[in-house]
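Asks: The following block contains the structure, expressed as structure tokens.
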Amino acid sequence: SCFYMEGQQLCPPRILCESLFVVLRGEVWTEMNGIFLEKYCQGQALHILALALGFIPSYESRCIRISEVWALPRKVLMTSLDRYPSMKRILAVLTSMQLSRLTSAGPTEHKEEATPPLVTSPSMAPTSGDFAGPVDLAALALFQGSSTDMLHWIQDNLEPRIFFSDSCLFREGDHSESFYIVCKGAVSLENATSQETCGPGGTFGEAGLLAVSETASVTASSLETSLIQVLHRQVFLKGVASFPAEVEHFDQLAVKLLQSNDALNHVPILEGCSESFKMQLAPKCTTRLLRENECLVQKSSTRGRLCVIRS
């Protein structure tokens, strides 16, 4: 183990990382473009994807105070795999993931000759359908119509994460504001009334990303070892600020989500009304997005409108 001083980084962003880190004492934060992502404390591991080939983190891992951190280099693990069969199986899955295709190479990226992935049995060998490359963002409904520059920015600022079988990404009712893209594996999305499975190429979390909903409507759990790219809302907002022409596109998407989200069911004054009445009323309602300091109703203007604040 090693001691890291306050402010010191475990692994700089945009540079090849080949070590798994476990926090023994202290506190480590991951940040992207100055935006806080996650906190790691005693016993928690980060950079698990570094055990695969070609992992280049897009985020910083910085010690918030003096911390003792244990590092496990990939090369050391490779020499002792026979003692740990379970780790051997996990590493076989990780090395089949084409991580170099999920991360962009920075100007200081360290490059080296790729070694063949570890395969412990024929059933673990990657197949043509066992794809873990990047999903085409332009093909996703959320980004259809976005500029090429915006798509490149988003791709460079996605956080790749590994979730093992039965890992919970978030629970129904939790605060959720991130967008998830499944590159490999499968995720169950379940609540009291529905259950669906999101596989490779699937996405979820649009409502939270666009601030249409503050809490998750489902519980998301990984059904197997899954590789997922995460777009955090604060990172997304920074991207939109850099490309102001994209604002209208995402505003329109937010309005569509709000209109399809049963707005009238959340209006206290209509609680006693029948569903048929609400269905007749719904087409006459309009949804607007208001910016900070934007006026909704002018003083002394004609009254006669019911305004419902959604979020």
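The values are calculated or read from the model by the stated rules, or taken from the named source; none is laboratory data. Quick caveat, the model's predicted, so the values are computed rather than measured. Counting neighbours? That spans all protein chains shown, and the Cβs are built from the backbone with ideal geometry, glycine included. With ligands, DNA and RNA removed, areas are computed over all heavy atoms of the protein, side chains included. Shrake-Rupley method; radii C 1.70, N 1.55, O 1.52, S 1.80 Å.
Asks: Could we say that residue 218 is within 23 Å of residue 157 (Cβ to Cβ) and at pLDDT 90 or above here? Spell out the reasoning first.
Replies: Numbers: within 23 Å of residue 157 (Cβ to Cβ): no; at pLDDT 90 or above: yes.
Against the criterion (within 23 Å of residue 157 (Cβ to Cβ) and at pLDDT 90 or above), residue 218 does not qualify.
Asks: With the checklist (1) within 20 Å of residue 32 (Cα to Cα); (2) within 15 Å of the chain's Cα centre (by Cα); (3) open to solvent by 60 Å² or more (accessible area, probe 1.4 Å) in hand, flag the one item residue 157 doesn't pass.
Replies: With (1) within 20 Å of residue 32 (Cα to Cα); (2) within 15 Å of the chain's Cα centre (by Cα); (3) open to solvent by 60 Å² or more (accessible area, probe 1.4 Å) applied to residue 157, the lone miss is (3).
Asks: Follow-up. Here are 264, 257, 253, 290: which of them is more than 25 Å from the chain's Cα centre (by Cα) and either open to solvent by 70 Å² or more (accessible area, probe 1.4 Å) or at pLDDT 75 or above (or both)?
Replies: Values: 264 fails: either open to solvent by 70 Å² or more (accessible area, probe 1.4 Å) or at pLDDT 75 or above (or both); 257 fails: more than 25 Å from the chain's Cα centre (by Cα); 253 fails: more than 25 Å from the chain's Cα centre (by Cα).
The match here is 290.
Asks: Among the helices (runs of 4 or more DSSP H) lying completely within region 202-309, list those that include at least 1 residues that are touching a strand residue (DSSP E or B) at 6+ places or on another chain (Cβ under 8 Å).
Replies: Result: 206-209, 233-242.
Asks: Sticking with this structure for a sec: What number of residues within region 1-34 are within 12 Å of residue 62 (Cα to Cα), surrounded by fewer than 18 Cβ atoms within 10 Å (Cβ to Cβ) and of a type in the set (A, V, I, L, M)?
Replies: So the count comes out to 1.
Asks: State all residues of region 44-79 that are assigned to a loop (DSSP other than H, G, I, E, B) and closer than 23 Å to residue 227 by Cβ; if no residue qualifies, say none.
Replies: Passing the criteria: 44, 47, 52, 53, 54, 55, 56, 57, 58, 59.
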